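The values are calculated or read from the model by the stated rules, or taken from the named source; none is laboratory data. Computed from a predicted model, the values in this text were never measured in an experiment. Neighbour counts run over all protein chains shown; Cβ positions are idealised from the backbone, glycine included.
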Amino acid sequence: MSATLSPITSINPATGEVLARFDPFTQDEVDHALDEAQDAFVAWRERSFEERAVPMRRLASLLRARVDRYGRLITLEMGKPIVEAKAELEKCALGCEHYADHAARYLADEVIPTNAKKSFVAFQPLGIVLAVMPWNFPFWQVIRFAAPAFMAGNAAVLKHASNVPQCALAIEEVFHEAGFPEGLLRTLLLAGSQVEPVIEDVRVRAVTLTGSSDTGSRIAQLAGRALKKTVLELGGSDPFIVLADADLDQAAKVATRARNQNTGQSCIAAKRFIAVESIASDFERRFAAEVGALQVGDPLDAKTQIGPLAREDLREALERQVRESNGMGARVLTGGGRGDGKGWYYRPTVMADVTEDMPVFNEETFGPVAAVVRVRDADEAVRVANDSAYGLGANLWTKDLALGERLARRIESGSVFVNGMVASDPRLPFGGVKRSGYGRELSSYGIKEFVNIQTIWIGQGTQKPAGPQSE
Ligand code: NAP
């Protein structure tokens, strides 16, 4: 299988330097990994929640203890500013602890009285879950799926993005060192084109993808053909609505963070800024000033707020979106071009006079480019927010909290944050609607995605069952 495929190559996006090359796995290597994962699953599923929580807590400790090492690796492979890379690892540790603490409660049997002596719902693990993951939060995206999946008793094989193979191997290593059984999580170094037979393999029971909507559609087709359950966490173009009574200073500061975290490469980054006409100029001025002051530079420098984009093609896509929108009448308030140096830098950008037909509005912009659209009032703001193929998160700014709550219910997205920045939190469900995908991660909802919701009905055993009629 690997003979005709290019090596999987780790490149430092800040310099263009090749860091490492790996041969993609052969079919034999994939088979072996699946055998190991299946063997590990058979033993792991018998362990109690308390037993599963031991390596999960140890994993949290190891991620904290190795924050410098893994933080540097994240930054070197995908360019995230080092402060954010370290924060990602702390978030991973919290995610592990959340599921170590709460999995038993989330998956406790649910007794449902019927005419049986006892009837209840039990939550059984499914087996091996194939995780196809993106590079943008290379540790967190994996933990977000793996912590609940493992606490539920499953095993996993990880096909990580091809630009973060060293992170993928480090994740396998740290799970093993935390004390999870050998093989319970196996990294498969594969190109996207090698994933199809893994989805079809009978040992793989379900697939989770975090990635673009196009890949989501492809994986859903393959998994549908093989009748495998999927969870799809896909792209987003989150609106950030600023109403007339919003605290503009605060809104502009949070807007800057919401757009530019992870150098703008986040599915839940705010991308479309929808400002009510009466305050739009004021908001644009404050927002552009904040964005213009962001520190662009070497992502290993703790002062850097904006690093390079993770891949060259991502910068080219962003350039096209800005160029075409500019040609259609959008105005660049700040930024609007490549940064200096060898790496794949793009200067943080704010565009005004954006309309709904422009690429910076109707496509996902995966980098530090903000599009500001003006609207008459709150009703038009909701209409424009919903005028998107995506539906992941949404931000809304108003001092009228009752209005904020009413409007939030009308927005078509998996989450709405009023006077705050959309962020994932292990206590709350995370996911999208429309082209942002389906299924949920995190919270009690996330841990129930990869389980068999099993009805168990127990009669008296001493008389003819008076149970449900068979169908
Ligand atoms: P992508 O191309 O879809 O890649 C994501 C993963 O899918 C990678 O592991 C990739 O492997 C794999 N893949 C690509 N094509 C495949 C195929 N035909 N069959 C099987 N696997 C395939 O995504 P990206 O553009 O690099 O990442 C950014 C996207 O992810 C954005 O749209 C972003 O919004 C989305 N995202 C969503 C969330 C969320 O939670 N909703 C979170 C983060 C990112 P290779 O690297 O080998 O191609």
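For the reader, a short list of remarks on this structure follows.
- Which listed residue is part of a helix (DSSP H, G or I) and in contact with a Ser or Thr (Cβ under 7 Å, 6 or more places away or on another chain), from Val360, Val382: Val360
- Reported count of residues in region 25-58, each being over 17 Å from Met151 (Cα atoms) and either part of a loop (DSSP other than H, G, I, E, B) or among the β-branched types (Val, Ile, Thr) (or both), is 3.
- Residue list for region 121-135, filter: assigned to a strand (DSSP E or B) and in contact with a Ser or Thr (Cβ under 9 Å, 6 or more places away or on another chain): Val121, Ala122, Val129, Leu130, Ala131, Val132
- Scanning region 341-357 for residues that are farther than 19 Å from Gly307 by Cα, free of Cβ contacts under 8 Å to residues at least 60 places away in the same chain and either in a strand (DSSP E or B) or within 16 Å of the ligand (Cβ to nearest atom) (or both) yields a single hit, Met351.
- Positions within region 281-293 being touching a residue at least 60 places away in the same chain (Cβ under 8 Å) and of a type outside the set (D, E, K, R), in sequence order: Phe283, Phe287, Ala288, Val291
- Odd one out for Thr187, checked against (1) out of contact with any Ser or Thr (no Cβ under 9 Å at 6 or more places or on another chain); (2) assigned by TED's automatic domain parsing to the domain that holds Glu36; (3) over 25 Å from Leu94 (Cα atoms): (3)
- The set of residues from region 252-280 being free of Cβ contacts under 8 Å to residues at least 40 places away in the same chain and within 14 Å of the ligand (Cβ to nearest atom) comprises just one member, Ala269.
- For region 190-220, the candidate set comprises residues that are within 10 Å of the ligand (Cβ to nearest atom) and without any contact (Cβ under 8 Å) to a residue 12 or more places away in the chain; within that set, the residue that is surrounded by the most Cβ atoms within 10 Å (Cβ to Cβ) is Arg218.
- Residues that are away from the ligand (no atom under 13 Å from the Cβ) and more than 23 Å from Trp140 (Cβ to Cβ) were ranked within region 221-234; the one that is surrounded by the fewest Cβ atoms within 10 Å (Cβ to Cβ) is Leu227.
- Among the residues of region 417-434, those that are at negative phi and touching an Asp or Glu at 6+ places or on another chain (Cβ under 9 Å) comprise Val418, Val422, Ser424, Pro426, Pro429, Phe430, Gly432, Val433.
- Selection from region 221-258 of residues that are over 21 Å from Glu441 (Cβ atoms), polar (S, T, N, Q) and not assigned by TED's automatic domain parsing to the domain that holds Gln295: Gln221
- Residue in region 402-418 that is more than 24 Å from Val373 (Cα to Cα), within 16 Å of the ligand (Cβ to nearest atom), out of contact with any Cys (no Cβ under 7 Å at 6 or more places or on another chain) and part of a loop (DSSP other than H, G, I, E, B) present: no
Rundown of residues vs (1) more than 19 Å from Gln321 (Cβ to Cβ); (2) touching a His at 6+ places or on another chain (Cβ under 9 Å); (3) basic (Lys, Arg), yes/no style:
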| position | (1), (2), (3) |
| --- | --- |
| Asp249 | yes, no, no |
| Val254 | yes, no, no |
| Arg259 | no, no, yes |
| Gln265 | no, no, no |
| Lys271 | no, no, yes |
| Glu290 | yes, no, no |
| Ala293 | yes, no, no |
| Asp298 | yes, no, no |
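- Residue in region 441-459 that is within 14 Å of the ligand (Cβ to nearest atom), touching a residue at least 12 places away in the same chain (Cβ under 8 Å) and in a loop (DSSP other than H, G, I, E, B) present: yes
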